[in-house]
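A short write-up of the structure that comes next.
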Amino acid sequence: MHHKYAAHIHYLRQKVEKELEEISFPERPGNLYNPLVYSLSAGGKRIRPLLVLLACELFARKNNLSLYPAIGIELFHNFTLIHDDIMDEADIRRNRKTVYKKWGRNSAILSGDVMLVRAYDYLCRCKKEVLPEVLKTFSDAAVRVCEGQQLDMEFEKKEEVSLREYLGMVSRKTGALVAASLKIGGLTGGATAGAAERLWETGNNLGIAFQLQDDYLDTFSTGMKFGKKIGGDIMSNKKTFLSVTAMELASGKEKQRMKNLYSGYYSSRAGRNKKIETITGIFREMEIDKRATEYINRYYNKCLSLLYKIPARSRSSETLRHFIDDLRKRKS
């Protein structure tokens with residue numbers, strides 16, 4: 001079964017890549033359209049479009065009905081990355097210059113806008129019977145992603161954020177689009193209203209698990225597979241599950257020590273490495289790594305238990321469970 005599953009996922013990923021490669025953009029103005037080609041050619045895991053296709057297969061023998069909406073979801077995801085990099089003033093994304101860094105702020109804003117419009121264009125290419133519900137699901141998710149990004153930015157200015165607040169932000173910023181991917185895939189395959197709602201819940205839990213795993217891997221990844229330098233979140237003083245939980249559990253003295261470490265300026269590489277090493281040590285002492293693993297497993301388990309309750313084609317259900325399991329085991 002595992003060989004068949006791996007071959008099927010490879011086939012679906014190739015299908016997505018082929019469709020993305022075939023998207024045609026006008027040549028002019030180049031500073032508007034070239035960033036879109038550049039952004040889409042940067043690769044990525046394509047998790048969201050794969051989830052759309054796999055969710056469609058839960059109810060339909062063929063996933064062709066969901067291919068265009070899957071591409072729409074991926075275009076929207078790339079739009080959020082282009083605009084996030086502007087807000088973060090980020091130089092690197094997927095090991096190369098960001099659109100913002102390469103073409104400048106204004107072109108990146110406009111290119112992102114076009115990517116968003118094209119996302120709607122692809123989402124509209126589904127069966128007319130489900131189009132209103134597909135668009136509503138997508139629009140609701142898009143608003144939630146914006147809410148999550150706003151909260152994330154506000155958290156940067158707050159000295160302390162509660163774990164409850166942090167999980168609420170993650171549920172929006174990451175969870176909502178993963179949730180929409182599964183629900184839209186299900187709708188295009190013929191899922192009932194009840195099954196579609198359960199797919200949303202399944203995806204929301206999956207998205208939260210995925211983000212908490214990113215938080216964990218940024219500090220505790222054992223291999224160099226992870227796309228960023230280990231400790232990047234610590235150096236940029238980013239609010240993550242680890243930092244938020246540590247602040248919540250720390251005593252007054254420990255809390256002040258962490259605040260001093262996070263607020264300090266480190267000009268040398270040795271100083272930056274010392275900051276990462278010290279904060280990682282504090283996380284280990286407080287067993288934040290174990291707590292993170294518990295939460296990651298909790299959300300993955302909730303996601304899988306919801307999936308078990310959805311009446312679907314058994315082989316396709318098994319494939320989706322395998323895919324979720326592989327996400328759980330990832331090291332990057």
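A few notes on this one:
- Unique residue being part of a helix (DSSP H, G or I), in contact (Cβ under 8 Å) with a residue 24 or more places away in the chain and out of contact with any Leu (no Cβ under 6 Å at 6 or more places or on another chain) when the list is 55, 108: 108
- Residue list for segment 98-120, filter: farther than 11 Å from residue 84 by Cα, among the aliphatic types (A, V, I, L, M) and surrounded by 20 or more Cβ atoms within 10 Å (Cβ to Cβ): 115, 119
- Checking each residue in segment 20-40 for being surrounded by fewer than 11 Cβ atoms within 10 Å (Cβ to Cβ) and closer than 16 Å to residue 102 by Cα picks out only 29.
- Filter result for residue 68 (of a type in the set (Phe, Trp, Tyr), closer than 25 Å to residue 299 by Cβ, in a helix (DSSP H, G or I) and in contact with a helix residue (DSSP H, G or I) (Cβ under 7 Å, 6 or more places away or on another chain)): no
- Only one of 331, 290 that is over 24 Å from residue 63 (Cα atoms), in contact (Cβ under 8 Å) with a residue 12 or more places away in the chain, of a type outside the set (Asp, Glu) and loosely packed, with under 12 Cβ neighbours inside 10 Å: 331
- The one condition in (1) closer than 26 Å to residue 120 by Cβ; (2) of a type in the set (S, T, N, Q); (3) surrounded by fewer than 23 Cβ atoms within 10 Å (Cβ to Cβ) that residue 222 fails to fulfil: (1)
- Evaluation of residue 102 against the conditions (1) touching a helix residue (DSSP H, G or I) at 6+ places or on another chain (Cβ under 8 Å); (2) closer than 17 Å to residue 131 by Cα shows that the sole unmet condition is (2).
Every read-out reported here was derived from the displayed coordinates using simple, explicitly stated rules and does not represent laboratory data. These figures come from a predicted structure and were not determined experimentally. Note that each Cβ is placed from the backbone with ideal geometry, even for glycine, and that neighbours are counted across all protein chains shown.
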